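One structure is given here, and the rest of the page talks about it.
The values are calculated or read from the model by the stated rules, or taken from the named source; none is laboratory data. Source: prediction; values computed, not measured. Note that we place each Cβ from the backbone using ideal geometry, even for glycine, and neighbour counts take in every protein chain shown. Surface accessibility is based on the protein's heavy atoms, side chains included, excluding ligands, DNA and RNA. Shrake-Rupley method; radii C 1.70, N 1.55, O 1.52, S 1.80 Å.
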Amino acid sequence: MRILATLMAGLLMALPVQADSLKSLGSLDASKVWQGVGRINLGSSGFCTGTLIAPDLVLTAAHCFFDNDGRRTPDGDIEFLAGWQNGRAEAYRGAKRSVIHPEYVFKGRNNVERVASDVALIQLDQPIKHPSIKPFNTATKVERGQEVQVVSYAKNRANAPSIQETCHLLARDPGVYVTSCDVDFGASGAPIFAVQNGEAVVLSVVSAKAQWRQQKVALAVGLDQRLSALLDQIDRNDGVFRRADTGASRVALQSGIQPSGALFIKP
């Protein structure tokens, strides 16, 4: 793909886009609306960021589930901490299982080509039905230059989420977005949001950070058919009654919103 090939060659031109700095959501009032975003603990492999998109489904990046040697993290070592801040979470859940996009192949931490399929779902061992923790809707279409925001955990801010309220979509290839969002180790899988009709909806998840000449950028994977493929895997491998019980069938795939490949498993 054009953008990925150019990134690897280091020839991208920077756009003059100014992004807001990250702001901590360390207070309860500030983080209330974002409690569906949480930290994913991955045994001894580190942590990532994930987003609740149904009562029992967490969206994140596929590479989170592999260590540096390509070993898959057992589902029993995966824990989702919804709204994690300052030593406590609004809900704690283990993983019943995790599924990665069928086209994703782990090829090492610095492989940019895999960004287009770097997306995964965690099916929780129990749905989260806390009234203050609402799943986010998702969207499939974005426009170049669109204003977006990112909520993430990362290196040196692992105990509370931070938000960057203004960054932009700089360029896109099929399934891959280049954004001006500020990300670091631990931010893998973090949701990139746009606001539609006053509601934050998930456009994509953070996959990698890269250099766009003098500008640091975040690479993100779009959802479009990728999320549908993951939901199909969940539905094929589980009973027909699960969707009625947990509401996973209500994952909303919205569309038409207007407005160095270093990956982040470990700090």
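What to note about this one:
- Residue that is of a type in the set (S, T, N, Q), farther than 24 Å from G38 by Cβ and touching a Pro at 6+ places or on another chain (Cβ under 6 Å), where the choices are Q225, Q146, Q215: Q146
- Qualifying residue in segment 12-34 (condition: open to solvent by less than 50 Å² (accessible area, probe 1.4 Å), at pLDDT 90 or above and not in a strand (DSSP E or B)): yes
- Cβ-Cβ contacts under 7 Å between residues 6 or more apart (or on different chains), taken from a first residue in segment 93-109 that is among the hydrophobic types (A, V, I, L, M, F, W, C) to a second residue that is surrounded by fewer than 19 Cβ atoms within 10 Å (Cβ to Cβ) and at pLDDT 95 or above, are listed as A95/D75; A95/D125.
- Scope segment 63-96; condition under 17 Å from A154 (Cα atoms) and small (G, A, S); matching residues: A82, G83, G87, A89
- Whether a residue is in contact with a Lys or Arg (Cβ under 9 Å, 6 or more places away or on another chain) and surrounded by fewer than 20 Cβ atoms within 10 Å (Cβ to Cβ) was assessed, and Q196 does not pass this test.
Okay, residues lined up against (1) charged (D, E, K, R); (2) buried (at least 18 other Cβ atoms within 10 Å of the Cβ):
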site	(1), (2)
T138	no, yes
V150	no, yes
Y153	no, yes
A160	no, yes
E165	yes, no
P174	no, no
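- Out of A187, A154, A160, A171, sole residue that is aliphatic (A, V, I, L, M), touching a helix residue (DSSP H, G or I) at 6+ places or on another chain (Cβ under 9 Å) and closer than 27 Å to D75 by Cβ: A160
- Test for S117: is it of a type in the set (S, T, Y), touching a Gly at 6+ places or on another chain (Cβ under 9 Å) and over 15 Å from P191 (Cα atoms): yes
- The lone exception for K134 - which of (1) surrounded by 15 or more Cβ atoms within 10 Å (Cβ to Cβ); (2) under 18 Å from G50 (Cβ atoms) it fails: (1)
- Strands (runs of 3 or more DSSP E) fully within segment 163-267 that include at least 1 residues being at pLDDT 80 or above, over 16 Å from the mean Cα position of the chain (by Cα) and more than 29 Å from F106 (Cβ to Cβ): 191-196, 199-212.
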